[in-house]
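The values are calculated or read from the model by the stated rules, or taken from the named source; none is laboratory data. What you see is a predicted model, and the numbers here were worked out from it, not measured in a lab. Cβ sites come from the backbone with ideal geometry, for glycine too, and all protein chains shown count toward neighbours.
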Amino acid sequence: MPDLTEFTATELVAAYRDGTASPVEATRAALAAIDATNAAVNAFVLVDQEAALAAARASEKRWHAREPLGRCDGVPTSIKDLLYTRGWPTLRGSVLIDDDGEWPDDAPAVARLRENGAVLLGKTTTPEFGWKGVTDSIRYGATMNPWNPARTAGGSSGGSAAAVALGMGAWSVGTDGGGSIRMPAGFSGIVGLKPTHGLVPVWPASPFGALSHAGPMTRSVADAALMLDVLTGFDTRDPTAMPTPATSFLAGLDDGVRGLRIAYSPDLGYVRNDPEVGAAVDAAAAVLADAGAHVERVDPGFTDPVEAFHVLWFCGAAQVMRAYDADAIERVDPGLRRIVEAAAAYSVADYLTANAARIDLGVRMGAFHRTYDLLLTPTLPISAFAAGADVPDGWHSPLWTSWTPYTYPFNMTQQPAATVPCGLTRDGLPIGLQIVGPRHADALVLRVARAYERSAGRLPFPRLQERIELHPAGEVVHHADE
């Protein structure tokens, strides 16, 4: 038997269709991978073996009857623990949330996956309330990088990134308010897509408001397109939700880049990159030029919007804490406490001014895309640093935004932005290429990502080193097996 943990979701569905593999086999392989590697990386906070195997057996019966439930019937899937999942607690990495209760609701993304037959394995780690760019919390400890467990997986969807990279399920759904899909995907060597805001419905509404998105985390671009097909079903619970697309995101995925006008900004005009990152992204831009795109080195022409982002982000964090007693602030991540306290100094006028800056940035990028179909940047200026820290050792700032300058601007503009792996450092750590499109051009972003992937190839499957440096990690909750 081939190693089913290395199959993409698209490959698994094809194998189910032709009978060369079954959902039960794939689910058992994913659960075995969790048992073998989760202790090293701390990707999952809950694994429900019994429910996963029951769902896999039901899927197998449907495939035998040639009646699959949907596009991803039988695909082993994980869910970031910020998204409601019926029957499982959603604890958001916080000691403030009690896991008692019935937990009766699915978030829209989870509901669409369940309706399409996905096999839900469990919930993945997140920092407390998804507030920062790495994944560690008082409740669950740190999540480590699948290529080197001494390093961070990034965040806030770090558990999902590590799980997907190591075959603990074929794909995962994450959230992204300032880069939280793209940063861990970039650090972990997988594909991540932050769609156009509203394309994937979100409920309950995020306290971070218009910054927050949900989207695919996968090992291939085709999987990202397939998952986006699944996740985009209209949901009345999200007042910003867009209509269900009439066309599959897989349509035209292999149409290539010939004739496209692509801007390549290696530093946005104000970022300093690690030299290895800069060289890898330069080479990636050249790959797309060789494939027929007109690639021009040009900056989009805006200054760093970090101060406006901070006002919006810090106020969102303060809104999170309003749901809890006054003394709850003493029991959260110290970094979260600091930004909540900082938000107290902002006025309503400050918030409205920051939101106006967000809107203006969107207008500027809309004008930019009248000339250029797409924008290329690095996903991150550095490779993964030590696990358990918010910033690299000796870094110039304690804020996670100081090392994520390429991601949060496009949360502010609500544009689609994908990351694809574009190489490894000498230390064997992934480097990411970010592809940004105008709003509603998600299919074009995926098409360019696919063209790069076809030309450059995917990264090899990561192998955990024999000498695994274990960091403090929370206990994974295992429900009874069959």
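Taking (1) at pLDDT 95 or above; (2) under 20 Å from Leu166 (Cβ atoms); (3) of a type in the set (A, V, I, L, M) in turn, Ala36 satisfies each apart from (1). Among the residues making up region 161-186, those that are in contact with a Gly (Cβ under 7 Å, 6 or more places away or on another chain) and either modelled with pLDDT under 95 or assigned to a helix (DSSP H, G or I) (or both) are Ala161, Ala163, Ala165, Arg182, Met183, Pro184, Ala185, Gly186.
Listed here are the residues, each with its yes/no results for (1) touching a residue at least 12 places away in the same chain (Cβ under 8 Å); (2) among the charged types (D, E, K, R); (3) buried (at least 24 other Cβ atoms within 10 Å of the Cβ).
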position	(1), (2), (3)
Ala384	yes, no, yes
Gly388	yes, no, no
Tyr408	yes, no, yes
Thr419	yes, no, yes
Cys422	yes, no, yes
Arg426	yes, yes, no
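Quick one: would you say Arg17 is surrounded by 16 or more Cβ atoms within 10 Å (Cβ to Cβ) and in contact (Cβ under 8 Å) with a residue 24 or more places away in the chain? So Arg17 does not fit the description; no. Can you find a residue that is on the phi > 0 side of the Ramachandran plot and either in contact with a helix residue (DSSP H, G or I) (Cβ under 9 Å, 6 or more places away or on another chain) or of a type in the set (Val, Ile, Thr) (or both) anywhere in region 269-288? Looking through region 269-288, none of the residues is on the phi > 0 side of the Ramachandran plot and either in contact with a helix residue (DSSP H, G or I) (Cβ under 9 Å, 6 or more places away or on another chain) or of a type in the set (Val, Ile, Thr) (or both). Return a yes/no flag: does region 332-340 have any residue that is basic (Lys, Arg) and under 21 Å from Cys315 (Cβ atoms). Looking through region 332-340, at least one residue is basic (Lys, Arg) and under 21 Å from Cys315 (Cβ atoms). In region 334-375, the qualifying residues are those that are free of Cβ contacts under 8 Å to residues at least 60 places away in the same chain and among the β-branched types (Val, Ile, Thr), and the one that is surrounded by the most Cβ atoms within 10 Å (Cβ to Cβ) is Val340. Check whether at least one residue in region 392-402 is modelled with pLDDT of 95 or more and buried (at least 22 other Cβ atoms within 10 Å of the Cβ), and report yes or no. For region 392-402, residues modelled with pLDDT of 95 or more and buried (at least 22 other Cβ atoms within 10 Å of the Cβ): present. Beta carbons closer than 6 Å, at least 6 apart along the sequence or on distinct chains, pair a first residue in region 238-249 that is over 21 Å from Ala210 (Cα atoms) with a second that is among the small types (Gly, Ala, Ser) for Phe249/Ala225; Phe249/Ala443. Sort out which residues of region 139-170 are buried (at least 24 other Cβ atoms within 10 Å of the Cβ), touching a Pro at 6+ places or on another chain (Cβ under 6 Å) and under 25 Å from Val332 (Cα atoms), and write them in order of number. Scanning region 139-170 gives Ala153, Gly154, Gly155, Ser156, Ser157, Gly158, Ala161, Ala162. Here the condition is being in a helix (DSSP H, G or I) and in contact with a strand residue (DSSP E or B) (Cβ under 6 Å, 6 or more places away or on another chain); of Ala55, Ala14, Ala33, Ala51, it holds for Ala55 alone.
Scanning region 73-98 for residues that are within 20 Å of the chain's Cα centre (by Cα) and either in a loop (DSSP other than H, G, I, E, B) or of a type in the set (Asp, Glu) (or both) turns up Val75, Asp81, Leu82, Leu83, Tyr84, Thr90, Leu91, Arg92, Gly93, Ser94.
For Ala205, the criteria (1) in contact with a strand residue (DSSP E or B) (Cβ under 9 Å, 6 or more places away or on another chain); (2) more than 17 Å from Val420 (Cβ to Cβ); (3) part of a loop (DSSP other than H, G, I, E, B) hold in every case but one, which is (1).
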